[in-house]
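Here's the structure we're looking at; comments come further down.
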């Protein structure tokens with residue numbers, strides 16, 4: 001029997017550590033001689049910064065993916081309309097086309113399994129696989145159950161498709 005999205009979350013998402021990360025992030029850049037503590041403060045700050053979302057920014061400018069090509073239906077000339085997908089990713093496409101990425105704000109921090117962290121990173125999510133020995137996901141959604149996040153639904157769909 002395939003795993004449900006709720007069971008996936010129950011198995012792979014462990015604890016909310018938002019307070020811990022945000023409290024530590026407040027201490028970032030307070031001094032250069034703090035050694036490992038200073039490094040952890042900087043890691044916490046990095047987990048708290050927003051994410052650049054190149055894919056959504058490009059989508060809003062008319063870019064999609066069709067037949068392994070970036071295609072812009074809003075472009076005026078055929079030459080501007082397509083770009084090979086294997087030659088670049090969303091970030092490269094945005095840089096080439098002068099598209100500013102959207103900033104997705106980080107709202108929560110969760111300890112997750114290494115398996116889920118790898119899947120989240122593949123989907124463009126921010127994770128730190130060694131935050132004081134913990135694997136932490138910087139979640140950009142809030143106000144809904146994790147099982148309702150589009151990235152979790154996409155990971156679940158990939159998993160069910162593999163079964």
**Complete:** Taking the range 29-64 and keeping residues surrounded by 15 or more Cβ atoms within 10 Å (Cβ to Cβ), more than 22 Å from residue 105 (Cα to Cα) and assigned by TED's automatic domain parsing to the domain that holds residue 110 leaves 38
**Conditions (1) over 15 Å from residue 12 (Cα atoms); (2) within 17 Å of the chain's Cα centre (by Cα); (3) at pLDDT 90 or above: number failed by residue 90** = (3)
**Request:** Consider residue 127 carefully, then state whether it is surrounded by 14 or more Cβ atoms within 10 Å (Cβ to Cβ), under 30 Å from residue 11 (Cβ atoms), assigned by TED's automatic domain parsing to the domain that holds residue 24 and without any contact (Cβ under 8 Å) to a residue 24 or more places away in the chain.
**Result:** yes
**Request:** Report, by residue number, each residue of the range 133-154 that is exposed (fewer than 14 other Cβ atoms within 10 Å of the Cβ) and under 21 Å from residue 42 (Cβ atoms).
**Result:** 133
**Fill in**
Going through the range 1-23 in order, the residues found to be part of a loop (DSSP other than H, G, I, E, B) and over 14 Å from residue 110 (Cα atoms) are 1, 2, 3, 4
**Request:** From (1) modelled with pLDDT of 85 or more; (2) touching a strand residue (DSSP E or B) at 6+ places or on another chain (Cβ under 7 Å), pick out the condition that doesn't hold for residue 72.
**Result:** (1)
**Message:** For the range 24-69: of the residues being in contact with a strand residue (DSSP E or B) (Cβ under 6 Å, 6 or more places away or on another chain) and assigned to a loop (DSSP other than H, G, I, E, B), which is farthest from residue 128 (Cα to Cα)?
**Reply:** 62
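The values are calculated or read from the model by the stated rules, or taken from the named source; none is laboratory data. Given the structure is predicted, the values throughout are model-derived calculations rather than measurements. A quick note on method: Cβ atoms are made from the backbone with ideal geometry, for glycine too, and the neighbour counts reach across all protein chains shown.
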